[in-house]
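Chemist: Attaching a single structure in structure tokens format; questions to follow.
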Amino acid sequence: MALVIISLLIIGSCGLEYLLSPIVPDVIGIINDPTGAQQVTFLFNRKEFTKEIAGYNFTIIAKAKYTLTGKVVAIDEYDLEFDSLKGQAEFMDETTGSMNPPNVWDLLIPMDFTIVWGKIIDPYYYKYFEFGHGYRCSEAKWRYEPGNDLSKNYIIKHHSNNHLLFANESIHNDAKKVEVGDIVVIEGHLVYVYANRISDGAELGEWRSSINRYDPGYRACETIYVEKITVLDIKDLNLYHKDQSV
């Protein structure tokens, strides 16, 4: 009887990126994916969107045109209800059953998708993964066994936690129909967001997307202004066969 020793690798991406003040100048990152799952065009001309939500003004700056194709392995929704009488949004605290004011960023960015691609979605490798998601964070657990040759670096580059804000409510509704296991194409822009309270102009801070495919952990998440989301038939996806790296 052979003894097989199994080790476990845990990697994560967290996106609590809202900052009270700017911290670093803009840096052009490189997102280069041999599978074609990510397509990025960095913008040299400023593209700007604005949204007003529940007494806050959000200025959304597009840093790059972005398309992501992959398998959804975790979804988190930040369900909110807007109380028109109080003029504020509230969320249900499942522990106490009471309605509480939310983190205002959840009004703008109501969903997170954890998405993987490349060899990770090959059934041979996929069975060795477990994926989880907490508040603005995702986690991938990978069992090392003989013959499983994906490196930690490969997993980091083919696993992303994506914060989604939507160009309109119709696209948000499309996203709500997505289920874990679906293959999706997300089209839009990687963005930085700046916020202030309309009543007195007080700055709420900023929220920055990662624009670097090699960054794990804190602030490694992509923040996407979603302009289109499409669910593909599984037979249409053949991305992992294009990828020879490990």
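Chemist: With Ile183, Ile211, Ile198 as the choices, which residue is surrounded by 15 or more Cβ atoms within 10 Å (Cβ to Cβ), more than 13 Å from the chain's Cα centre (by Cα) and of a type outside the set (D, E, K, R)?
Modeler: Selected residue: Ile183, the only one of Ile183, Ile211, Ile198 that is surrounded by 15 or more Cβ atoms within 10 Å (Cβ to Cβ), more than 13 Å from the chain's Cα centre (by Cα) and of a type outside the set (D, E, K, R).
Chemist: State all residues of region 156-179 that are farther than 17 Å from Ser210 by Cα and touching a residue at least 24 places away in the same chain (Cβ under 8 Å); if no residue qualifies, say none. First the steps, then the outcome.
Modeler: From region 156-179, those farther than 17 Å from Ser210 by Cα are 166-179; that's our starting set.
Scanning region 156-179 gives Phe166, Ala167, Ile171, His172, Asp174, Ala175, Lys176, Lys177, Val178, Glu179.
Chemist: Additional query: Please go through (1) over 21 Å from Glu206 (Cα atoms); (2) under 18 Å from the mean Cα position of the chain (by Cα); (3) of a type outside the set (Asp, Glu) for His163 and return the number of the only condition it doesn't satisfy.
Modeler: (1)
Chemist: Only one of these is crowded, with 19+ Cβ neighbours inside 10 Å, at pLDDT 80 or above and under 25 Å from Lys177 (Cβ atoms): Leu150, Leu107. Name it. Full working, then the answer.
Modeler: Details: Leu150 fails: under 25 Å from Lys177 (Cβ atoms).
On inspection, the qualifying residue turns out to be Leu107.
The values are calculated or read from the model by the stated rules, or taken from the named source; none is laboratory data. Nothing here was measured: the structure is a model prediction, and the numbers come from that model. Neighbour counts run over all protein chains shown; Cβ positions are idealised from the backbone, glycine included.
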